[in-house]
Amino acid sequence: MATLNLQVAASTDDAKQLSDGSSDVTAVRYRLSGSGTPGEHLGLRFAGVGEAGAGIPQGATITSALLALKFDNQAQDNINGPVSGEKATNSSTFTTTANDLSDRTKTTASVTWNEQDIAAAGVPAFYDSPELITVLQELVDQVGWDESSPVTIFVERPAGGGGDFGVLTFDNDPGDAAKLTVEYTAAGGGERDRRKLNLLGLVAS
């Protein structure tokens, strides 16, 4: 089994889309709190070191997948909405084009993240999502997926309400950017893939 540790690594690899379709890719903090239709989106793209890709081999068995966001405000730390992935093998970085996030094809699999008072301690810190195994499994099972494929995750605030939360971004500080930790077993050649990722500094034994 290999453990892959990824973090958003570019300004345009995290983004927020409002209910009117407009997007922001450079804010130091993204808050999802609106109640308009069709809801709001937080997009997070994990492309690895130097756009090397996420590093997960096609057909791997995902045994754990956790998204970590850095919450910084006790008054805006209630999240309740679906978490899904972009159903693509070459997900592109985000833009300010209208509806850029919502127009992307999403995975059938999604996981509801429903948690209140996440940042009750009042100190900015990373907090983990529920397990996203089904989302990541659907991505790596795609025909055409390989180690060079980025992983893009969406966190949505549904129309009509679904919490009020704010998270820090890459543009606030690269160390504050979203993280994704994936554990997997490769479908054959597992040790070879583990050594390859270790050379990239992305994988822990």
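So for the stretch 1-149, considering every pair of alpha-carbon atoms, how many percent are separated by more than 22 Å?
42
Could you tell me the relative contact order of the stretch 1-109? Use alpha-carbon pairs under 8 Å, at least six residues apart, and round to a whole percent.
Relative contact order for the stretch 1-109 comes out at 32 percent.
Given the convex hull of the Cα atoms of the stretch 104-163, what is a quarter of its surface area in nm²?
It is 5.8 nm².
Per-residue counts of other Cβ atoms within 10 Å, averaged by peptide: what ranking do you get for 66-75, 124-133, highest first?
66-75, 124-133
Taking amide hydrogens as modeled 1.01 Å from N in the peptide plane, which residues meet the under 5 Å criterion relative to Trp113, leaving out close sequence neighbours?
The list, which skips near neighbours in sequence, is Gly81, Val83.
Taking the Cα centroid of the stretch 74-103 and of the stretch 125-144, what is the distance between the two, rounded to the nearest whole Å?
Taking the Cα centre of each part, the stretch 74-103 and the stretch 125-144 sit 14 Å apart.
Beta carbons within 10 angstrom, averaged per residue: use that to sort the peptides 104-116, 11-23, highest first.
The most tightly packed comes first, giving 11-23, 104-116.
Taken together, the values in this text are just the output of simple stated rules run on the coordinates, not laboratory data. None of the values given here were measured: they were computed from a predicted structure. Neighbour counts run over all protein chains shown; Cβ positions are idealised from the backbone, glycine included.
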